[in-house]
Amino acid sequence: MNRSPKSGDAIVIRNLQENDYRLLLEMYRDFHPKNYFMGLPPIIELHRVEWIKDLLHEKFNIVAVDGYRIVGHAAIIDVPTADFCELIVFVHQDYRGRGIGKKLTEEICQRAMVLGKKKIWLMVDSKNEVAIRIYYKIGFRITKMYGEVYEMELDISTPFDVLGI
């Protein structure tokens, strides 16, 4: 568990619950930088609300919680017609550098294995060295480059090779 300097409560990683919608929206309203990467999280409130509502329909959503505040969110987005699923991970700026992103990523990737996909896919800004280092430790590898954006994949076709299982 991680400790936040803002409270004595431990950071808890758990499933996103239906009644978390308002708390998740609050986290993204206060998220900086706005339009962090590839337009996410959306800067316009209406788009942000719709984006979060769409994410709530995904099978795998987990959050990092400090007391009554959501401080991190990860989701696996199933791509039904493909052999991969997509990963998104966001940690509130006040909580970065505490291992929360790594814990969210490890947990959500383990859960994604039950989808029967071969890969977990993501895109990351090449300047986001912290995230890239985390993804590499977990087993992601760069598969393509688009200017300053890396496309990365994690092979989950052999679950026992993933995440040290």
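Suppose we filter Ile142, Ile62 for residues that are within 30 Å of Arg29 (Cα to Cα) and among the aliphatic types (A, V, I, L, M); which single one remains?
Numbers: Ile142 fails: within 30 Å of Arg29 (Cα to Cα).
Within the list Ile142, Ile62, the selection yields Ile62.
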Handout entry: In the stretch 111-165, the residues that are modelled with pLDDT of 90 or more, assigned to a helix (DSSP H, G or I) and surrounded by fewer than 15 Cβ atoms within 10 Å (Cβ to Cβ)
Key = Glu129, Val130, Arg133, Tyr136, Lys137
Completion exercise
Residue pairs qualifying under the 8 Å Cβ cut-off, at least six apart or on distinct chains, with the first in the stretch 53-65 being under 15 Å from Val91 (Cβ atoms) and the second being surrounded by 13 or more Cβ atoms within 10 Å (Cβ to Cβ) and at pLDDT below 90, are Asn61/Leu55; Ile62/Arg111
Practice task
Starting from residues that are β-branched (Val, Ile, Thr) and without any contact (Cβ under 8 Å) to a residue 12 or more places away in the chain, keep the ones in the stretch 80-118 and report whichever is nearest to Phe140 (Cα to Cα).
Solution key: Val114
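Conditions (1) under 11 Å from Leu122 (Cβ atoms); (2) hydrophobic (A, V, I, L, M, F, W, C), marked per residue:
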{"residue": "Val71", "(1), (2)": "no, yes"}
{"residue": "Ile76", "(1), (2)": "yes, yes"}
{"residue": "Ala82", "(1), (2)": "no, yes"}
{"residue": "Val91", "(1), (2)": "no, yes"}
{"residue": "Asp94", "(1), (2)": "no, no"}
{"residue": "Glu106", "(1), (2)": "no, no"}
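Taking into account only those residues within the stretch 57-106 that are part of a helix (DSSP H, G or I) and of a type outside the set (S, T, N, Q), which is farthest from Ile134 (Cα to Cα)?
Asp94
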Problem - Which numbered condition Ile120 fails, given (1) touching a Cys at 6+ places or on another chain (Cβ under 8 Å); (2) under 26 Å from Asn19 (Cα atoms) - result: (2)
Problem - Filtered residue count, the stretch 89-105, keeping only those that are buried (at least 17 other Cβ atoms within 10 Å of the Cβ) and touching a helix residue (DSSP H, G or I) at 6+ places or on another chain (Cβ under 8 Å) - result: 7
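Quick check on my filter: what residues within the stretch 44-62 are within 19 Å of Val114 (Cα to Cα) and either of a type in the set (Phe, Trp, Tyr) or in contact with a Gly (Cβ under 8 Å, 6 or more places away or on another chain) (or both)? Talk me through it step by step, then tell me what you get.
Narrowing the stretch 44-62 to residues within 19 Å of Val114 (Cα to Cα): 55-62.
The one that is within 19 Å of Val114 (Cα to Cα) and either of a type in the set (Phe, Trp, Tyr) or in contact with a Gly (Cβ under 8 Å, 6 or more places away or on another chain) (or both): Phe60.
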Handout entry: Leading residue by the ranking (surrounded by the fewest Cβ atoms within 10 Å (Cβ to Cβ)) among those in the stretch 54-84 that are under 16 Å from the mean Cα position of the chain (by Cα) and of a type in the set (Asp, Glu)
Key = Asp54
Practice task
Report whether or not Tyr28 is modelled with pLDDT of 90 or more and over 29 Å from Val114 (Cα atoms).
Solution key: no
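Just give me the residues in the stretch 124-147 being over 17 Å from Leu104 (Cβ atoms) and either within 13 Å of the chain's Cα centre (by Cα) or charged (D, E, K, R) (or both), in sequence order. Don't jump to the end; show me each part of the working.
If we filter the stretch 124-147 for residues that are over 17 Å from Leu104 (Cβ atoms), which is where we start, we get 125-127, 129, 141-147.
Hits for the stretch 124-147 are Asp125, Lys127, Glu129, Arg141, Lys144.
The values are calculated or read from the model by the stated rules, or taken from the named source; none is laboratory data. Model, not experiment: these values are computed from the prediction. Using ideal geometry, Cβ is built from the backbone for each residue, glycine included, and neighbour counts are taken over all protein chains shown.
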